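Chemist: Next up is a structure, given as structure tokens.
The values are calculated or read from the model by the stated rules, or taken from the named source; none is laboratory data. All values reported here derive from a predicted model rather than from experimental measurement. Heads up, the Cβs are rebuilt from the backbone with ideal geometry, glycines too, and the neighbour counts pull from every protein chain shown.
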Amino acid sequence: MSEHVLPKRLYFVIFVSLVVLTAITTGVAFIDLGPFNTVVALVIAVFKATLVVLFFMHLKYQTGMTRVVIVAALLWLAVLIGITMSDVFTRHWTEKGSSWQRSSIISPYRQTASAAPRLPRRA
Amino acid sequence: MADAHVSAAPVAHQFDDFQQQTVADTFGMWLFLATEVLFFGGLFCGYSLYRNLYFEAFTAGSHLLKIQYGAFYTVLLICSSLTMALGVRAAQLRQKHALTIYLILTWIMGFAFVYVKLRYEWYGDYLEGLIPGVNWAPSRESLEMVNHFHATLPHLALFFIFYFCMTGLHALHMIVGLGLLTTLLIFTQQGKVTGGNYNWVEIVGLYWHFVDIVWIFLFPLLYLIGGRYV
């Protein structure tokens, strides 16, 4: 049978771990770690999500096909975010844009010293 | 022993037996959740992009949200995930009474989430003039926060648009989940779950846990990120 009846104790252990991790992530937010605040918050979130997927959603006991679906979902999410980021944050690498880009739209955001005209900004 | 129950379960004619149907149903739900990852992914992608571009405004916006609400929702959803998981376990063991109780508990916590969000948090945001396009008139304290982080008001509005779209889409999923739980409760009372297809509970459980996972990421991204120290 594909039915794996897990002991109640396991569910409670996962539950307590999730609550403790929530407390930790909330507490850490009040400590100044510089850029590592973001890193710690995301690492804890990924860890919590993994616990939920493995035990509450029984991934540990599913067929290999299910794992393929999850990997595919995460892969496409990585493609979506990765390619968007690599587009926007490399635009300022070239001083002048390609022929198909107007110079004003190359890098309105992170500008090098003398590059493209600034977008109007409100004070 | 389990086979005695299984033989009573309805099997659609395209499946060889109950077990094949169960595996196919569960797999279908995972496929749907994969599309949901990308559905939310668009918002997460946009959020990451604009947070990097307008870092100061997003930090200021994060400080304007009330962390108590975020932490409360997180714990509430984790509790509801626990009762849902225990409900699935009860369904596996064909315990009708326990299943009913766990489903009701899960429903109550899900409803509390949506109610507190709409009635208190969003209504509070509305009164503070923090809803772009509806009532956008940030208070003096909000403006001081914006100045403190050297942010600009239009970029702060962008943060709040992301905040309302992301939590709004999540709340919509919670409401759909409440509907699924209600349906499940009715089926349980009719004996269709414990006497028939217990796997429905597993499938609704997968959906419920997925919505919980989305919140597990929304909480740090919206409420915590950038730190809460000023």
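Chemist: I need the full set of residues from region B:186-203 which are away from chain A (no Cβ under 12 Å) and modelled with pLDDT of 90 or more, in order please. Quick ask: steps written out before the conclusion?
Modeler: In the first step, residues of region B:186-203 are kept if they are away from chain A (no Cβ under 12 Å); the result is B:186-197, B:200.
B:186, B:187, B:188, B:189, B:190, B:200 - these are the residues of region B:186-203 that are away from chain A (no Cβ under 12 Å) and modelled with pLDDT of 90 or more.
Chemist: Let me ask another. Mind listing just one residue for me: the one in region B:185-209 that is of a type in the set (Phe, Trp, Tyr) and surrounded by fewer than 23 Cβ atoms within 10 Å (Cβ to Cβ) and, of those, farthest from residue A:53 (Cα to Cα)?
Modeler: Quick first cut of region B:185-209, residues of a type in the set (Phe, Trp, Tyr) only: B:187, B:198, B:200, B:207-208.
Filter again for surrounded by fewer than 23 Cβ atoms within 10 Å (Cβ to Cβ), leaving B:187, B:200, B:207.
Values: B:187: 26, B:200: 18, B:207: 11 Å.
In this case the residue turns out to be B:187.
Chemist: If residue B:124 satisfies all but one of (1) out of contact with any strand residue (DSSP E or B) (no Cβ under 9 Å at 6 or more places or on another chain); (2) part of a helix (DSSP H, G or I); (3) over 19 Å from residue B:80 (Cα atoms), what's the number of the condition it fails?
Modeler: (1) is the only condition that residue B:124 fails.
Chemist: Kindly provide the set of residues from region A:1-60 that are more than 16 Å from residue B:75 (Cβ to Cβ) and among the charged types (D, E, K, R), ordered by number.
Modeler: Answer for region A:1-60, where residues must be more than 16 Å from residue B:75 (Cβ to Cβ) and among the charged types (D, E, K, R): A:3, A:8, A:9, A:32, A:60.
Chemist: Residue A:29 versus (1) within 22 Å of residue B:40 (Cα to Cα); (2) of a type in the set (A, V, I, L, M); (3) surrounded by 19 or more Cβ atoms within 10 Å (Cβ to Cβ): which is the lone unmet condition?
Modeler: (1)
Chemist: Right, another one. Determine whether residue B:151 is surrounded by 15 or more Cβ atoms within 10 Å (Cβ to Cβ), assigned to a loop (DSSP other than H, G, I, E, B) and within 11 Å of another protein chain (Cβ to nearest Cβ). Walk me through how you get there before you give the answer.
Modeler: Values: surrounded by 15 or more Cβ atoms within 10 Å (Cβ to Cβ): yes; assigned to a loop (DSSP other than H, G, I, E, B): yes; within 11 Å of another protein chain (Cβ to nearest Cβ): yes.
Yes, satisfied.
Chemist: Limited to region B:214-226, what total is found for residues that are at the interface with chain A (Cβ under 7 Å from one of its Cβ atoms) and crowded, with 24+ Cβ neighbours inside 10 Å?
Modeler: 3
Chemist: Can you pull out every residue in region B:126-148 that is under 23 Å from residue B:42 (Cβ atoms) and either in contact with a Pro (Cβ under 9 Å, 6 or more places away or on another chain) or surrounded by 12 or more Cβ atoms within 10 Å (Cβ to Cβ) (or both)?
Modeler: Within region B:126-148, B:131, B:132 qualify.
Chemist: With (1) at pLDDT 90 or above; (2) closer than 23 Å to residue B:55 by Cα; (3) basic (Lys, Arg) as the list, and residue A:122 as the residue in question, which single condition is left unmet?
Modeler: (1)
Chemist: Oh, and also: Is there a residue being touching a Gly at 6+ places or on another chain (Cβ under 9 Å), modelled with pLDDT under 85 and among the basic types (Lys, Arg) anywhere in region A:77-92?
Modeler: Narrowing region A:77-92 to residues touching a Gly at 6+ places or on another chain (Cβ under 9 Å): A:77, A:80-81, A:84, A:91.
After this cut, where a residue has to be modelled with pLDDT under 85 as well, the list is A:91.
Right, trim to among the basic types (Lys, Arg) and you get A:91.
Yes, there is a match, as at least one residue in region A:77-92 is touching a Gly at 6+ places or on another chain (Cβ under 9 Å), modelled with pLDDT under 85 and among the basic types (Lys, Arg).
Chemist: Looking at region B:83-96, is at least one residue more than 11 Å from chain A (Cβ to nearest Cβ) and within 30 Å of residue B:155 (Cα to Cα)?
Modeler: So far as region B:83-96 goes, no, none of its residues is more than 11 Å from chain A (Cβ to nearest Cβ) and within 30 Å of residue B:155 (Cα to Cα).
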